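Scroll down for the structure; my scribbles are underneath it.
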Amino acid sequence: MPMKRIKELLREASHFVLFTHVHPDADGMGSLLALHLVLREQGKETLPLVEGSPPSFLEFLHGFKDLVTPDRLPRDFPYSESVAVVLDLSEEERVGDLAPVLRRIPRRIVLDHHAQTGSPLPGEHYSDPTAPATALLVWRLLRELNWGLSPAVAENLYTGLYSDTGGFRFENTGEEAFVAAAEMVRCGARPSWVGEHLLENYPPVRFELLRRGLDR
């Protein structure tokens with residue numbers, strides 16, 4: 001079972017390199033930084049990567065300052081001995097300029113809620129196109145591992161879930177999304193704070209796309 005192998009990798013490996021897609025949104029970046037923080041809490045070494053400049057509209061996310069761009073890649077990190085975790089995508093082309101780094105890492109975990117459209121990345125896949133956000137998949141995985149949610153991890157996951165559900169208004173926002181959101185709030189996520197930062201910082205183009213989605 002992929003989930004069993006994914007849990008083994010997360011528990012046993014000591015070094016992780018985290019990826020999300022080019023032009024990352026709140027779900028991809030919130031999921032990546034949530035996993036970055038929780039792995040650090042478990043005593044792991046992590047390298048959270050972002051292609052290009054980190055998106056300034058998401059600088060309120062916890063761990064944002066830890067993001068590493070391609071021009072700042074550490075040479076001494078044990079890439080070939082690490083585990084890559086790819087979040088919110090499943091095709092190599094969506095990694096952009098970080099694809100050469102990903103190719104150096106043979107062990108991979110892929111977490112994505114989008115329907116498969118191209119050739120999937122090799123690795124252990126946990127995919128659920130019925131899930132409204134990759135943040136929900138990370139939340140499920142952390143529950144399977146019995147790894148608790150710190151306030152920072154909970155808030156990053158809540159940001160991803162809130163964003164990709166259109167503020168819990170899209171049609172695929174089912175009961176589980178509200179159960180997860182409630183647990184995130186119990187663990188320290190601040191809904192009003194997240195909503196305020198997303199609405200104030202979201203680029204106009206992204207905000208217009210969100211508005212159109214809510215109007216459907």
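The values are calculated or read from the model by the stated rules, or taken from the named source; none is laboratory data. What you see is a predicted model, and the numbers here were worked out from it, not measured in a lab. Here Cβ is always computed from backbone atoms with ideal geometry, including for glycine, and neighbour counts include all displayed protein chains.
A few points about this structure:
- Among the candidates LEU89, LEU137, the residue that is surrounded by 14 or more Cβ atoms within 10 Å (Cβ to Cβ), under 18 Å from the mean Cα position of the chain (by Cα), among the aliphatic types (A, V, I, L, M) and modelled with pLDDT under 95 is uniquely LEU89.
- Of all residues in region 140-172, exactly one satisfies the criterion of being among the hydroxyl-bearing types (Ser, Thr, Tyr) and surrounded by fewer than 19 Cβ atoms within 10 Å (Cβ to Cβ), namely SER150.
- Qualifying helices (runs of 4 or more DSSP H) (wholly inside region 128-197; at least 3 residues being of a type in the set (Gly, Ala, Ser) and under 13 Å from LEU61 (Cα atoms)): 151-164
- Residues located in region 58-97, provided they are of a type in the set (A, V, I, L, M, F, W, C), farther than 21 Å from ARG11 by Cα and out of contact with any Pro (no Cβ under 6 Å at 6 or more places or on another chain): LEU58, PHE60, LEU61, PHE64, VAL68, LEU73, LEU89, VAL95
- Top-ranked residue of region 1-33 - restricted to ones that are more than 22 Å from TYR79 (Cβ to Cβ) and of a type in the set (A, V, I, L, M), ranked as surrounded by the fewest Cβ atoms within 10 Å (Cβ to Cβ): MET1
- Of residues in region 103-112 being without any contact (Cβ under 8 Å) to a residue 40 or more places away in the chain and either buried (at least 22 other Cβ atoms within 10 Å of the Cβ) or within 13 Å of the chain's Cα centre (by Cα) (or both), the one farthest from SER80 (Cα to Cα): ASP112
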